[in-house]
Amino acid sequence: MVVTKIKSWALMVLLGLVVLNGCATPRPVLEAVPSFSKQSDRTPPFEEDLTTSIVFGKELTDETKLKDEITFRNNFYVPDDSRVVISVPVEQQSREERQEQGKQQIDNEGMLSFKTTGYFNKAEQQIEKSLIRKNFIVLDRAKFEAKLREKRDASTDNNSYYKANPLQKSKNATIAAVTKLKDSGQITIDKWAEKVREIEGKYNSMRRNDARKHGQEKELADISELIRAAKPGVDNVWADYILQVNDFKILPLKDRSIKITNTSEIRQQCITNPGLRNALVGSSYRLVSKPGYYGILNAKLIDVKTGAIVWVGAHRVDSQNVLENGYTIQVPITKRVSNDSEINGAIRAYNNKLERLDRECRLAEQLVDQAYADTGMSKEEKEQTVVNYTDAQVRLQGCIDDGIPEKAMADWEFAYNIGHVTVDPDLPSGSELKSIGRQLRMALQKDDQDSITKYDNRLNDIQLYLSDHYSMIAKLLAKELIHTIPSQL
């Protein structure tokens, strides 16, 4: 019994010694893993519509510029009740003739010379009205055309043009053949005279038609003839002055551009939106062709008695001078943040770094626990795990202390998109007219009736659209220029 108790005690001592000899080194108390909160993405400003309207109001004529284009004799003025006839340029007579014939012609540039419901006639009417307001007696040029026609008909045989004309040679040959029949006794002298009268009548009619066709009977085209016709005579068809219109035309504006960055509306937008100016300068819309059309009128006043030029004037009127509300250029501008991906990318990278360092800390902490639970590791190896944990902890805490990177806190940067610039009212441009003209010419060459109808209808629409606008330009042009002729009024 005693032996048994001794054996039990010995066993307990032995077990205690085993436990004491294999016990792990106590784990040191570690500082807790630093805590942190991840940063949220920054919300960029919404896309902003900065569409800007640039308003160009109705523009009055610059009187100083107009006066610079006017020249007249010192102390000259037109006496009351002076008689005047208007001379129309040859080109305009041809245009009127085409309009009367209703023909459409396409010029070398592909521009269609289409009817404009007689805007030149309205300009001429305005010239007449302005002259009447200055107490001129305005004479109908048709009377002078008739007078010149009579003179030309009377002097046909002396006209070198008609002598050289094939019709004249043919007439002479026909008369010679009839005369040969008379001389040979084949027809009587009365029959010969009747035949000659018929030949003369036939060829005179053909000659007049041929002359009109070739532009030889434009009575008021030759100013020297007109001066002779305007001198006093027995027929009471005479004038004191001839107003010779040298040039009159209305064309699409393409010689004047608008630099939109110089407008007050865009300058204000650039002040409140840095970076917009560079976007505009780099866009294809930095220069916008001034929309609309311009008219030019150039004329001079000739004293019939002396042939002296007593007044010369030129004037230009643009669409802006006649559009009651001017016009508006619409510049579509969209503003949006351009660096949101960089900013939020930096935030996400920072969050990812915190999470990586946190994982490294927790892994190092686990390795410490494992090392101090492992009786097979040396003291130095165990202590190294503590050092590794401390290093990981310092790296995490340093990242937390450094805070969010500067790049993630940068100011928002913006990009600007410039859309298609439009103009109101939408006056057809010169390039549009040329394009339609070229397409119509190609359709005519191919005899493509569907395309001919399509482009012809489009041109008719443009004609209706522009007819009143052309007329307003023509009338203002004539009114302001004729007003500069000195008179007693």
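The values are calculated or read from the model by the stated rules, or taken from the named source; none is laboratory data. Quantities reported herein were computed from a predicted structural model and do not represent experimental measurements. For neighbour counting, all protein chains shown are included, and Cβ atoms are generated from backbone atoms with ideal geometry for every residue, glycine included.
For the reader, a short list of remarks on this structure follows.
- In the stretch 77-99, the residues that are among the hydrophobic types (A, V, I, L, M, F, W, C) and modelled with pLDDT of 85 or more: Val78, Val84, Val85, Ile86
- Considering residues of the stretch 50-69 that are in contact with a strand residue (DSSP E or B) (Cβ under 9 Å, 6 or more places away or on another chain), in contact (Cβ under 8 Å) with a residue 40 or more places away in the chain and more than 17 Å from Thr328 (Cβ to Cβ) only, the residue surrounded by the fewest Cβ atoms within 10 Å (Cβ to Cβ): Glu69
- Check on Leu243, buried (at least 19 other Cβ atoms within 10 Å of the Cβ), more than 18 Å from the chain's Cα centre (by Cα) and within 27 Å of Asn417 (Cα to Cα): no
- For Glu360: the one exception among (1) charged (D, E, K, R); (2) surrounded by fewer than 18 Cβ atoms within 10 Å (Cβ to Cβ); (3) more than 30 Å from Ile54 (Cβ to Cβ): (2)
- Glu109 falls short on exactly one of the conditions (1) at pLDDT below 75; (2) part of a helix (DSSP H, G or I), and that condition is (2).
- Checklist (1) in a helix (DSSP H, G or I); (2) surrounded by 15 or more Cβ atoms within 10 Å (Cβ to Cβ) applied to Leu427, failing item: (1)
A quick yes/no check of all residues on (1) farther than 19 Å from Asp303 by Cβ; (2) at pLDDT 90 or above; (3) surrounded by fewer than 12 Cβ atoms within 10 Å (Cβ to Cβ):
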{"position": "Glu219", "(1), (2), (3)": "yes, no, no"}
{"position": "Arg228", "(1), (2), (3)": "no, no, no"}
{"position": "Gly233", "(1), (2), (3)": "no, no, yes"}
{"position": "Leu251", "(1), (2), (3)": "yes, no, no"}
{"position": "Ile260", "(1), (2), (3)": "yes, no, no"}
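- All of Thr334, Thr385, Thr375 fail the test of being loosely packed, with under 14 Cβ neighbours inside 10 Å, β-branched (Val, Ile, Thr) and touching a residue at least 12 places away in the same chain (Cβ under 8 Å), apart from Thr375.
- Residue check: Gly419 meets all listed conditions (1) over 22 Å from the mean Cα position of the chain (by Cα); (2) at pLDDT 85 or above but one, namely (1).
- Of all residues in the stretch 154-185 being outside any helix (DSSP H, G or I) and surrounded by fewer than 11 Cβ atoms within 10 Å (Cβ to Cβ), the one that is modelled with the lowest pLDDT: Ser155
- Enumeration of residues in the stretch 366-406 that are within 30 Å of Asp41 (Cβ to Cβ) and not in a loop (DSSP other than H, G, I, E, B): Ala392, Gln393, Val394, Arg395, Leu396, Gln397, Gly398, Cys399, Ile400, Asp401, Asp402, Glu406
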